[in-house]
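These notes are about the structure you will find just below.
Every read-out reported here was derived from the displayed coordinates using simple, explicitly stated rules and does not represent laboratory data. Here the structure is a predicted model, which means the values were calculated and not measured.
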Amino acid sequence: MKIGYARVSTKEQNLSLQLDALQKEGCKQIYQEKISGAKAARPELRRMIDQLREGDVIITWKLDRMGRSLRDLINLVNEIEEKGAGVLFPNRATKNE
């Protein structure tokens, strides 16, 4: 199953761009948070990872929405892969045709 993760850093920011993109990617479930990426505790991210099943794919709008740092991102991806799930960061580049 495709699972989305959306995060903004402050309550004033809006998740709509991320949610639209995740829906277009075909995410069946989307976890969302309004919390700083600098915070170690991101409850929805943790809940999402804890509920992963083999074959699931997590999709997030941009790398920095999931990880606080490169090291944090690597640790998260490793944890996700150990559960038999994957991670996808879709290309946001657009082509002028």
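Divide the volume of the convex hull around the Cα atoms of the chain by the residue count and you get 106 Å³ per residue.
Going through the cross-link list 34/83; 2/62; 24/62, which pairs have a Cα-Cα distance over 20 Å in this structure? Check vs 20 Å cut-off fails for 34/83.
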